Amino acid sequence: MKTAIKLAAIGLMVWHNAAQAGNPPASLTMVPAFINYQGRLVTPTNSPYADANHIIDLTLYKSASSSLPADKLWGERYTVPTRDGYFSVNLGSGGSAIPGVTNPPIWQVLWRSDGSSPDALYMALTVRTDQNGAAIASPAEATPRQQFLTAPFAFRAHQSIYATRADGIFDAPQGVQTPAVTSTNGEIALNGSVRLPSANTLYANKVVPQGASPTLRLYAGGGSMAIGYDTRFVFDGNQFYWQTIDAADSISMGAPAGGGAAGTSVAIGGRSINLNSTNVTVRGQPMFVSKFVSKSIDTATAFNTIAHGINTDNYDIFMTGYYSSSSTAVRAAFCYTTSASGRIDFVSNPAAGTIYMWFLGIRKGLTDPQ
């Protein structure tokens, strides 16, 4: 004879709206990973089940009636002792798997790691033993399923979706005000843009583009954008002005200053590039060098050479200058980019005078002489 089951649930705890991150931060590790579930097994005439070990299946659905495999979110099988029909079990404490139903840690189901878990969850009970504890050949799921409902103080947890602080989620120590939290391995995954009001700050020790084709963009939004230092538009009571705060020790583009793999290229576009720097160096050498040389003319020859002393291994050399006497015409004046000297050729032997030359060295790699 089949036995009807009447279930009276007396302890349900709802957790799944408390947060929506993929994993709980380290500061929440003290939260128990199980949920206590209590009930009473009685016959249709309200007679309690005998004091014995009974086998029950508990299955979590996202529907009040559908039994499609996709609607079964979690399930475990337990052997529970009853007293006057009452039983108690900790969901997720290690019951055996139910065929056809997955049983990951239950907090992962309720934590909404992918944001797609439903807001309404229903627990179904199937009792696999009769009133005296003997196995039932074809047990049936009890109806109706019971919806997980909110414990009174759990409404407070709903505030988490409006949180303005998330202490302890970043590795960066800035902004972490919870004394017990120093670092975590947690992440925040976003599919959209993040906007910070101008009065707020986002702290991070390192920003790393990820994915198959990573791109990291910083937009000025029509105003100024600073890399390596912070600027503020302030008013001192008399005038508005830009205030610079906390200059960076160095800014690396393509490769870190301390070594490491260099980037393939650094592209800087725009109509102009303004460098307001005392010294501009390339591979530890000045980008430009200049040398002024004067020399008395050698009247015994129709050409004169002028050594400039600039390292031609590092610089391409160019020159300009003039001859102080007009008694003899200059046929040509030139300096090969790899030559240690410039040369002045006259039409004939020159009269006494002075050659004044300015040499410009441009760091190799910045020029391509044609």
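Considering 168, 175, the condition of being surrounded by 14 or more Cβ atoms within 10 Å (Cβ to Cβ), in contact with a Pro (Cβ under 7 Å, 6 or more places away or on another chain), of a type outside the set (Phe, Trp, Tyr) and at pLDDT below 90 is satisfied by 168 alone. All conditions but one from (1) over 36 Å from the mean Cα position of the chain (by Cα); (2) modelled with pLDDT under 90; (3) not hydrophobic (A, V, I, L, M, F, W, C) apply to residue 130; the one that does not is (2).
Would you confirm whether or not region 132-149 contains a residue that is touching a residue at least 40 places away in the same chain (Cβ under 8 Å), in the same structural domain as residue 40 (by TED's automatic domain parsing), of a type in the set (A, V, I, L, M) and closer than 15 Å to residue 35 by Cα? Yes, some residue in region 132-149 is touching a residue at least 40 places away in the same chain (Cβ under 8 Å), in the same structural domain as residue 40 (by TED's automatic domain parsing), of a type in the set (A, V, I, L, M) and closer than 15 Å to residue 35 by Cα. Selection of first residues in region 91-105 that are over 18 Å from residue 68 (Cα atoms) and touching a residue at least 12 places away in the same chain (Cβ under 8 Å) and of second residues that are among the acidic types (Asp, Glu) and not in a loop (DSSP other than H, G, I, E, B), restricted to Cβ pairs under 6 Å at least 6 apart or on distinct chains, gives the following pairs, ordered by first then second residue: 95/76. Being modelled with pLDDT of 90 or more and either under 13 Å from residue 129 (Cα atoms) or surrounded by 15 or more Cβ atoms within 10 Å (Cβ to Cβ) (or both) is the requirement here; does residue 74 meet it? It is true that residue 74 is modelled with pLDDT of 90 or more and either under 13 Å from residue 129 (Cα atoms) or surrounded by 15 or more Cβ atoms within 10 Å (Cβ to Cβ) (or both). Within the set 13, 1, the sole residue that is closer than 30 Å to residue 132 by Cβ and at pLDDT below 50 turns out to be 1.
The values are calculated or read from the model by the stated rules, or taken from the named source; none is laboratory data. Nothing here was measured: the structure is a model prediction, and the numbers come from that model. Using ideal geometry, Cβ is built from the backbone for each residue, glycine included, and neighbour counts are taken over all protein chains shown.
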